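J.: I am attaching a structure below and will ask some questions about it afterwards.
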Ligand SMILES: [Zn+2]
């Protein structure tokens, strides 16, 4: 990205800048990565407006981690169910694991970092500090871990028809 791109970026993302990640979402990503070991875990980051979470700040907080479609999982890990994906959550980037523990993006990673402003790499041994966040250019960024309460209704945003289909 050239000078022009760097100049434009802060303006484009000012209102929706990702200011942090919910502690629960980070924990979920670490656990899912550990579950997938020695395979790679790959997921999508979704965010919500900070103010809907009771924070007196502008910006977006990563509140949810969704397993990417097609990702191989162990029998105990969550399945990807697009039906239950709440529509009001916006995709803000990606998360994936490096079972070798190296917390730097590969060339292949950089090619996929274009979708969304935040990309997290989690590495073995998957402790609470075994992760790093990057921007779309692969530069390390500070992502604050926020202890926010995520409203329950976010997780139950599906219809009775969905439930009936699931129970059938
Ligand atoms: Zn990678």
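The values are calculated or read from the model by the stated rules, or taken from the named source; none is laboratory data. Source: prediction; values computed, not measured. Reconstructed Cβ throughout: ideal geometry from the backbone, glycine too, with neighbour counts over all protein chains shown.
J.: Applying the selection to the stretch 96-119, what residues are more than 10 Å from the ligand (Cβ to nearest atom) and within 16 Å of residue 66 (Cα to Cα)?
T.: Across the stretch 96-119, the qualifying residues are 115, 116, 118.
J.: Considering only residues that are surrounded by fewer than 11 Cβ atoms within 10 Å (Cβ to Cβ) and at pLDDT 85 or above, which ones fall in the stretch 145-168? So that I can check it myself, show each step before the final result.
T.: Taking the stretch 145-168 first, the residues surrounded by fewer than 11 Cβ atoms within 10 Å (Cβ to Cβ) are 147, 149, 152-153, 156, 159-161, 164, 167-168.
Passing the criteria: only 147.
J.: Among the residues in the stretch 76-98, are any in contact with a strand residue (DSSP E or B) (Cβ under 7 Å, 6 or more places away or on another chain), at pLDDT 90 or above and over 22 Å from residue 19 (Cα atoms)?
T.: Taking every residue of the stretch 76-98 in turn, at least one turns out to be in contact with a strand residue (DSSP E or B) (Cβ under 7 Å, 6 or more places away or on another chain), at pLDDT 90 or above and over 22 Å from residue 19 (Cα atoms).
J.: Has the stretch 101-112 got at least one residue that is within 18 Å of residue 27 (Cβ to Cβ) and either in contact with a strand residue (DSSP E or B) (Cβ under 9 Å, 6 or more places away or on another chain) or at pLDDT below 95 (or both)?
T.: yes
J.: With respect to residue 37, determine if the residue is surrounded by 14 or more Cβ atoms within 10 Å (Cβ to Cβ) and either more than 21 Å from residue 143 (Cβ to Cβ) or modelled with pLDDT under 90 (or both).
T.: Values: surrounded by 14 or more Cβ atoms within 10 Å (Cβ to Cβ): yes; either more than 21 Å from residue 143 (Cβ to Cβ) or modelled with pLDDT under 90 (or both): yes.
Yes.
J.: Still on this model: Filter the stretch 120-132 for residues that are buried (at least 21 other Cβ atoms within 10 Å of the Cβ) and part of a strand (DSSP E or B); which is farthest from the ligand (Cβ to nearest atom)?
T.: Per the criteria, the residue is 131.
J.: Could you count how many residues in the stretch 30-51 are in contact with a strand residue (DSSP E or B) (Cβ under 9 Å, 6 or more places away or on another chain) and either part of a helix (DSSP H, G or I) or more than 22 Å from residue 127 (Cα to Cα) (or both)?
T.: Matching residues across the stretch 30-51 total 9.
J.: Consider residue 46 carefully, then state whether it is away from the ligand (no atom under 16 Å from the Cβ), over 25 Å from residue 139 (Cβ atoms) and at pLDDT 55 or above.
T.: In short, no.
J.: Cβ contacts < 7 Å: first residue on the phi > 0 side of the Ramachandran plot, restricted to the stretch 88-106; second residue near the ligand (Cβ under 10 Å from one of its atoms) and at pLDDT 95 or above, any location; separation 6+ or different chain. Result?
T.: Partner pairs satisfying both residue conditions: 93/119; 101/123.
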